[in-house]
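Below is one structure, written out as structure tokens; the observations come after it.
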Amino acid sequence: MRRKVYTKDQILKAAYEVVENEGFSGFTARNIAKKMGISTQPIYLEFKNMSDLKNTLLDEICNHLYYDIFPEVRTGDTIIDLGLSYVYFAKEQSNLYNALYVQEYGGGKKMHDFSYNYFHQLIVEHPKYKNLSEKRINALHVGTWICVTGIATLMSSGIIAPTQDEIVHLMNRTIKNILEEEDTSVLDTL
């Protein structure tokens, strides 16, 4: 009798579904194996440990965000478009958003670093923002991150339902205030 072979991709797909449905609190080898209808052995044959699986899964999710979610052009302003993509991702995939960005054992620093690096890349390539200092870019990231994370979290939990125009208005006010601010030290401490 031939044994069925489980691929890394199949395990990652099951791990993604577990995180999407249960968050990282349900991210265990046993839960992933149960989702696949197998023992935990194939998981440990493909991944060194659960940390390796989690990091690989987060890399896959970051690639999905990088290529499929964040690049959508909605207004033509790089920062606004990224913020809107982030907000709509949170609204449309609220469980995954919460698992990645809100839950204690979620994506944490890895997701923050990914988001910052993506933001930074967009800023330095955009004619409107490319001449900003690193200090100003950081302040802009922190300020817009706070704004869109607040909107995203409140929308994903059903507390608010602003229109796209209202979100754009809030983001434009945030960006304008940060760019006009002489001293960004308040945002630098966050």
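The values are calculated or read from the model by the stated rules, or taken from the named source; none is laboratory data. Quick caveat: nothing in here was measured; it's all calculated off a predicted structure. With ideal geometry, Cβ positions are generated from the backbone for all residues, glycine too; neighbour counts draw on all protein chains shown. Each accessible area value is taken on the protein alone, full model and side chains, heavy atoms only, with ligands, DNA and RNA left out. Shrake-Rupley method; radii C 1.70, N 1.55, O 1.52, S 1.80 Å.
For (1) exposed (fewer than 13 other Cβ atoms within 10 Å of the Cβ); (2) under 20 Å from the mean Cα position of the chain (by Cα); (3) at pLDDT 90 or above; (4) assigned to a helix (DSSP H, G or I), each residue gets a yes or a no:
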| residue | (1), (2), (3), (4) |
| --- | --- |
| 99 | no, yes, yes, yes |
| 104 | yes, yes, no, no |
| 132 | no, no, yes, no |
| 139 | no, yes, yes, yes |
| 176 | yes, no, yes, yes |
| 183 | yes, no, no, no |
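Filtering the range 68-97 to residues that are among the acidic types (Asp, Glu), part of a helix (DSSP H, G or I) and open to solvent by less than 70 Å² (accessible area, probe 1.4 Å) leaves only 81. In the range 1-67, counting only helices (runs of 4 or more DSSP H) that sit wholly within it, the ones holding 2 or more residues that are over 20 Å from residue 104 (Cα atoms) and open to solvent by less than 70 Å² (accessible area, probe 1.4 Å) span 8-22, 29-36, 41-46.
Would you mind telling me which numbered condition in (1) modelled with pLDDT under 95; (2) over 30 Å from residue 50 (Cα atoms); (3) crowded, with 19+ Cβ neighbours inside 10 Å; (4) hydroxyl-bearing (Ser, Thr, Tyr) residue 115 fails? Looking at each condition in turn, residue 115 falls short on (2).
Of all residues in the range 1-21, those being charged (D, E, K, R) and more than 15 Å from residue 57 (Cα to Cα) number 3. Scanning the range 45-52 for any residue that is closer than 17 Å to residue 113 by Cβ, within 25 Å of the chain's Cα centre (by Cα) and in contact (Cβ under 8 Å) with a residue 24 or more places away in the chain turns up nothing. Considering the range 141-161, and only residues there that are more than 30 Å from residue 15 (Cα to Cα) and in a loop (DSSP other than H, G, I, E, B), the residue that is least open to solvent (accessible area, probe 1.4 Å) turns out to be 160.
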